[in-house]
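Down below is the structure, laid out as structure tokens.
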Amino acid sequence: MSTDLLDALADIVGADHALAGDSIGEDYTHDEAVTVEPVAPAVVVRPRSTAEVAAVLALANELGVPVTARGSGTGLSGAAVPDAKGILLSLASMKGVVEIDPANHVAVVQPGLTLAELDEHLAPHDLIY
């Protein structure tokens with residue numbers, strides 16, 4: 001992984017939200033699938049807004065770097081296991097609730113919101129996921 005890529009990503013999301021090497025924790029190498037081997041990504045980025053996500057994806061596209069999107073890493077399919085030469089786009093910081101429509105039983109949320117957190121937001125409406 002080039003330091004140019006890390007620097008460019010840090011310019012987008014901030015230095016504290018662009019991780020490489022030993023700064024990448026073991027949790028970022030897998031989701032909860034038991035049959036998939038963990039893989040450390042070249043870089044982990046932790047955007048906090050859709051604008052940052054768009055900028056990271058534009059840079060990755062320009063450079064031809066693969067990106068793996070990850071919510072809170074609780075999936076069971078292996079879909080959050082990153083490419084060793086790629087960017088792991090951790091969306092765990094994006095936990096907003098955009099809308100809850102109790103009449104139609106619809107909730108629009110950001111990708112980092114866990115199901116337990118969603119249930120907390122639904123409780124006042126006497127709903128659960």
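The values are calculated or read from the model by the stated rules, or taken from the named source; none is laboratory data. Note that the structure is predicted; figures quoted are calculated from it, not measured. Please note: Cβ atoms are built from the backbone with ideal geometry, for glycine as well, and neighbour counts cover all protein chains shown. Side chains included, ligands, DNA and RNA excluded: accessible areas come from the protein's heavy atoms. Shrake-Rupley method; radii C 1.70, N 1.55, O 1.52, S 1.80 Å.
Compute the long axis of helix 3-13 from its Cα atoms, compare it with the longest principal axis of the Cα atoms of the chain, and write down the angle in degrees, 0 to 90, nearest 10.
So the inclination is approximately 30 degrees.
Which residue, chosen from A80, L127, S93, occupies the Cα position most advanced towards the positive end of the dipole of the chain, where the dipole is computed from +1 (Lys, Arg) and -1 (Asp, Glu) charges on Cβ about the Cα centre?
The residue sitting farthest along the positive end of the dipole is A80.
What FRET efficiency, computed as 1/(1 + (r/R0)^6) with R0 = 41 Å and r the Cβ-Cβ distance, is obtained for D11 and D126, rounded to the nearest 0.05?
Computed FRET efficiency for D11 and D126 comes out at 0.35.
Roll a 1.4 Å probe over the protein chains and send me the accessible area per residue for the chain in Å².
It amounts to 57 Å² per residue over the chain.
Which percent, to the nearest 5, of DSSP beta bridges fully inside the stretch 30-129 are antiparallel?
So the antiparallel bridges in the stretch 30-129 amount to around 35 percent.
Please compute the contact order of the stretch 85-129 in relative form: average sequence separation of alpha-carbon pairs under 8 Å and at least six residues apart, divided by the residue count, as a percent.
Relative contact order of the stretch 85-129: 31 percent.
Place the peptides 39-45, 59-65 in order of packing, highest mean first, counting for every residue the other Cβ atoms within 10 Å and averaging per peptide.
39-45, 59-65
Note the angle between two axes, namely the Cα long axis of helix 50-63 and the longest principal axis of the Cα atoms of the chain, as a number of degrees from 0 to 90, rounded to the nearest 10.
Tilt of helix 50-63: around 30 degrees.
Would you please state which residues of the stretch 26-59 a label at S93 would reach in this model, taking the label point 7 Å out along Cα→Cβ and a backbone N cut-off of under 19 Å?
Those under the cut-off are 26-29, 41-59.
What do you get for Rg/Rh of the chain when both radii come from the Cα atoms and Rh is the Kirkwood radius?
1.03
At 222 nm, what helix-only mean residue ellipticity would the chain give, in deg cm²/dmol to the nearest 500, using -39500 (n - 2.57) for each DSSP H run of four or more?
Value at 222 nm, helices only, nearest 500: -7500 deg cm²/dmol.
Per the 1.4 Å probe, what fraction of the accessible area of the chain, in percent, lies on carbon and sulfur atoms?
Roughly 53 percent, rounded to a whole number.
Take the alpha carbon atoms of the stretch 26-70, find their center, do the same for the stretch 72-115, and report the distance between the two centers in whole angstrom.
One Cα centre to the other: 13 Å.
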